[in-house]
Amino acid sequence: MGRLFGTDGVRGRANAELTPELALAIALAAARTLAESDRTHPPLAVVGRDPRASGEMLEAAVVAGLASAGANVVRVGVLPTPGVAFLTGEAKADLGVMLSASHNPMPDNGIKLFAAGGHKLPDDVEMTIEAAVESGATWARPVAGGIGRVHDLLDGTDHYVQHLVGTVPHRLDGLKVVVDCANGAASEVAPAAYEQAGAEVIAIHAEPDGLNINDGCGSTHLEPLKAAVREHGAHLGIAHDGDADRCLTVTADGNEVDGDQIMAILALGMRDAGTLTADTLVATVMSNLGLRLAMADAGIRLVETKVGDRYVLEELRASGLALGGEQSGHVVMPAYATTGDGILTGLHLMARMADTGRSLADLASVVTKLPQVLINVPVGDRDAGASAPEVLAAAAEADAQLGATGRVLLRPSGTEPLVRVMVEAATVDTAREVAERIAAVVRTASPAA
């Protein structure tokens with residue numbers, strides 16, 4: 001068995017790589033691992049999912065695995081990933097399980113695990129769970145009254161929406177927003193939260209049928225949102241992914257505003273309010289050079305981490321900081337959430353607009369983005385493809401060519417058989433030419449299966 005856990009849990013094609021048997025084994029191993037530290041009470045687990053059809057099957061397997069390990073289970077149904085994390089903390093549960101492949105297409109699914117408090121699992125705990133799955137060792141399972149019980153939480157969505165709206169410092173009255181729910185877990189929660197906070201809401205792609213999640217919509221397909229914003233004369237558009245842990249936006253005239261610009265807007269607002277701890281923002285190495293320059297001009301320190309919101313979270317917790325995120329739209333505000341929360345981000349972005357009276361385009365203009373080209377190269381072996389000597393030599397040569405006017409970043413995907421080649425340069429043509437040149441070397445070094 002290869003490495004199970006990527007940068008954001010376990011993912012694969014449902015019923016192919018990610019089978020019910022594997023889901024049951026992971027749930028069983030997780031319950032046993034997290035229960036080791038406390039034998040005074042049966043473990044409690046919260047289980048949620050996005051609307052994918054395969055989620056019903058995998059939910060049944062996960063619940064069976066948890067109950068067979070003696071864990072009591074609370075099913076919360078379809079809910080965003082950050083909602084499951086929130087309810088895990090609120091219920092004082094030992095474990096949270098979210099079934100979702102986030103922005104991936106419908107045939108995929110995934111398993112994300114949360115520890116007590118709704119925090120993502122540390123790498124060492126994931127490795128322990130993975131080792132337990134791989135060993136296949138048998139053990140004495142509980143019987144009779146020791147088997148876990150299963151209950152449904154019927155008001156989890158309402159409780160989560162109330163939490164979200166309660167974090168907003170300013171009403172959103174007067175703002176009109178189009179929200180693309182990606183036919184995913186945001187379909188009920190996002191429109192409800194934005195409306196209760198005072199905004200006028202037009203919801204699109206908010207009719208999930210189990211098969212249409214992320215299908216030509218959501219944060220990976222912004223064109224329908226741009227068209228809807230123009231059609232309805234909205235002040236902005238907000239796009240979520242399948243499990244609503246990310247948020248991307250478009251301005252009134254249809255221009256994209258990415259996670260880097262969103263972080264800059266929030267960082268400046270929090271600095272002005274005195275809530276940006278140590279005047280520091282945490283971002284990953286993928287963030288645009290323009291964000292770094294904008295924060296430096298504003299007197300805000302930028303701390304970089306590896307790619308993955310888990311690493312942003314680790315730095316935020318370790319240093320006691322208040323804001324971090326990724327260019328992809330994962331934004332973390334630890335005062336209100338234990339993980340990236342796209343709906344929370346949308347609420348606070350609109351609150352900044354309402355407070356200042358400025359348009360999203362005006363607020364986002366603080367960041368002048370350097371042209372950036374990202375090529376996702378399918379490979380046979382993502383680690384070998386990113387570290388082959390000829391690939392590293394090509395990247396070094398390109399770095400020398402760009403000098404101070406740009407940079408090259410190579411990294412294997414944490415969830416897919418891809419090597420990501422990112423190039424920033426003074427012009428988009430230069431960035432594209434350099435990225436395509438390196439991508440060709442990657443393809444030769446590790447051809448796709």
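If Ala361 satisfies all but one of (1) of a type outside the set (Asp, Glu); (2) modelled with pLDDT of 95 or more; (3) buried (at least 20 other Cβ atoms within 10 Å of the Cβ), what's the number of the condition it fails?
(3)
Across segment 247-265, which residue is farthest from Ala335 (Cα to Cα) among those that are among the hydrophobic types (A, V, I, L, M, F, W, C) and open to solvent by less than 10 Å² (accessible area, probe 1.4 Å)?
The residue in question is Val250.
Can you name the strands (runs of 3 or more DSSP E) wholly within segment 75-180 that have at least 2 residues being within 30 Å of Gly357 (Cα to Cα)?
Details: elements: 95-99, 108-115, 150-152, 176-180.
In segment 75-180, the matching strands (runs of 3 or more DSSP E) lie at 176-180.
Out of segment 174-184, which residues are touching a helix residue (DSSP H, G or I) at 6+ places or on another chain (Cβ under 7 Å), surrounded by 22 or more Cβ atoms within 10 Å (Cβ to Cβ) and not charged (D, E, K, R)?
Val177, Val178, Val179, Cys181, Ala182, Gly184 - these are the residues of segment 174-184 that are touching a helix residue (DSSP H, G or I) at 6+ places or on another chain (Cβ under 7 Å), surrounded by 22 or more Cβ atoms within 10 Å (Cβ to Cβ) and not charged (D, E, K, R).
If you check every pair at least six apart or on different chains, which have Cβ atoms under 7 Å apart with a residue in segment 40-51 that is β-branched (Val, Ile, Thr) first and a residue that is assigned to a loop (DSSP other than H, G, I, E, B) second?
Qualifying pairs under 7 Å: Val46/Ala91; Val46/Ala93.
On the basis of being assigned to a helix (DSSP H, G or I), in contact with a helix residue (DSSP H, G or I) (Cβ under 9 Å, 6 or more places away or on another chain) and either open to solvent by 70 Å² or more (accessible area, probe 1.4 Å) or under 30 Å from Gln261 (Cα atoms) (or both), does Leu370 make the cut?
When the stated conditions are applied, Leu370 does not pass them.
Could you list, in sequence order, the residues of segment 142-172 that are at negative phi and of a type in the set (Gly, Ala, Ser)? Steps first, answer last, please.
Step one: filter segment 142-172 for residues at negative phi, giving 142-143, 145-172.
Passing the criteria: Gly145, Gly146, Gly148, Gly156, Gly166.
So which residues in segment 35-74 are within 24 Å of Gly146 (Cα to Cα) and part of a helix (DSSP H, G or I), if there are any at all?
Ala35, Leu58, Glu59, Ala60, Ala61, Val62, Val63, Ala64, Gly65, Leu66, Ala67, Ser68
Restricting segment 414-430 to residues that are touching a helix residue (DSSP H, G or I) at 6+ places or on another chain (Cβ under 9 Å) and surrounded by 21 or more Cβ atoms within 10 Å (Cβ to Cβ), which is farthest from Gln401 (Cα to Cα)?
So the residue we want is Val419.
What are the residues in segment 259-288 that are of a type in the set (Val, Ile, Thr), in a loop (DSSP other than H, G, I, E, B) and in contact with a strand residue (DSSP E or B) (Cβ under 6 Å, 6 or more places away or on another chain), if any?
Of segment 259-288, the ones of a type in the set (Val, Ile, Thr) are 262, 265, 275, 277, 280, 282, 284-285.
Right, trim to in a loop (DSSP other than H, G, I, E, B) and you get 275, 285.
Selection gives Val285 alone.
Before we move on, is Leu316 touching a residue at least 24 places away in the same chain (Cβ under 8 Å), more than 16 Å from Ala264 (Cα to Cα) and under 19 Å from the mean Cα position of the chain (by Cα)?
So Leu316 fits the description; yes.
If I ask for residues that are in contact with a Gly (Cβ under 6 Å, 6 or more places away or on another chain) and surrounded by fewer than 17 Cβ atoms within 10 Å (Cβ to Cβ), which ones from segment 98-139 would you list?
Answer for segment 98-139, where residues must be in contact with a Gly (Cβ under 6 Å, 6 or more places away or on another chain) and surrounded by fewer than 17 Cβ atoms within 10 Å (Cβ to Cβ): just Gly117.
Is it the case that Val78 is modelled with pLDDT of 95 or more, touching an Asp or Glu at 6+ places or on another chain (Cβ under 9 Å) and either of a type in the set (Val, Ile, Thr) or open to solvent by 30 Å² or more (accessible area, probe 1.4 Å) (or both)?
For Val78, the condition - modelled with pLDDT of 95 or more, touching an Asp or Glu at 6+ places or on another chain (Cβ under 9 Å) and either of a type in the set (Val, Ile, Thr) or open to solvent by 30 Å² or more (accessible area, probe 1.4 Å) (or both) - is met.
Kindly check whether there is at least one residue in segment 297-304 that is within 27 Å of Leu121 (Cβ to Cβ), open to solvent by 50 Å² or more (accessible area, probe 1.4 Å) and assigned to a helix (DSSP H, G or I).
no
Answer yes if at least one residue in segment 58-68 is in contact with a Gly (Cβ under 8 Å, 6 or more places away or on another chain) and farther than 11 Å from Leu44 by Cα, and no otherwise.
Yes; the residues of segment 58-68 include at least one that is in contact with a Gly (Cβ under 8 Å, 6 or more places away or on another chain) and farther than 11 Å from Leu44 by Cα.
Of everything in segment 307-347, what is part of a helix (DSSP H, G or I), in contact with a helix residue (DSSP H, G or I) (Cβ under 7 Å, 6 or more places away or on another chain) and β-branched (Val, Ile, Thr)? Give them in sequence order.
Ile343, Thr345 - these are the residues of segment 307-347 that are part of a helix (DSSP H, G or I), in contact with a helix residue (DSSP H, G or I) (Cβ under 7 Å, 6 or more places away or on another chain) and β-branched (Val, Ile, Thr).
Just to be sure before I move on: is Thr7 at pLDDT below 85 and either in contact with a strand residue (DSSP E or B) (Cβ under 6 Å, 6 or more places away or on another chain) or open to solvent by 10 Å² or more (accessible area, probe 1.4 Å) (or both) in the structure I sent? Quick ask: steps written out before the conclusion?
Values: at pLDDT below 85: yes; either in contact with a strand residue (DSSP E or B) (Cβ under 6 Å, 6 or more places away or on another chain) or open to solvent by 10 Å² or more (accessible area, probe 1.4 Å) (or both): yes.
Taking the combined requirement at face value, the residue satisfies it.
So that you can scan it fast, the table gives a plain yes or no per residue for (1) touching a residue at least 60 places away in the same chain (Cβ under 8 Å); (2) within 22 Å of Thr88 (Cβ to Cβ):
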residue	(1), (2)
Gly324	yes, yes
Val331	yes, yes
Ala351	yes, no
Arg382	yes, no
Leu392	no, no
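Report the residue count in segment 142-169 for those that are open to solvent by 60 Å² or more (accessible area, probe 1.4 Å), of a type outside the set (A, V, I, L, M), in contact (Cβ under 8 Å) with a residue 60 or more places away in the chain and closer than 22 Å to Ala244 by Cα.
3
Suppose we keep only residues that are modelled with pLDDT of 90 or more and among the basic types (Lys, Arg) within segment 10-49. Which one would you say is surrounded by the fewest Cβ atoms within 10 Å (Cβ to Cβ)?
Arg13
So which residues in segment 387-439 are hydroxyl-bearing (Ser, Thr, Tyr) and not in a helix (DSSP H, G or I), if there are any at all? Show your work before the answer.
Our first condition is that a residue be hydroxyl-bearing (Ser, Thr, Tyr); within segment 387-439, this holds for 387, 405, 413, 415, 427, 430.
Residues satisfying the conditions are Ser413, Thr415, Thr427.
Looking only at segment 185-218, count every residue that is open to solvent by 10 Å² or more (accessible area, probe 1.4 Å) and either assigned to a helix (DSSP H, G or I) or modelled with pLDDT under 95 (or both) and tell me the total.
Total satisfying the criteria: 6.
The values are calculated or read from the model by the stated rules, or taken from the named source; none is laboratory data. Given the structure is predicted, the values throughout are model-derived calculations rather than measurements. So basically every Cβ, Gly included, is an ideal-geometry build from the backbone, and we count neighbours across all protein chains shown. SASA here: full protein model, heavy atoms, side chains in, ligands and nucleic acids out. Shrake-Rupley method; radii C 1.70, N 1.55, O 1.52, S 1.80 Å.
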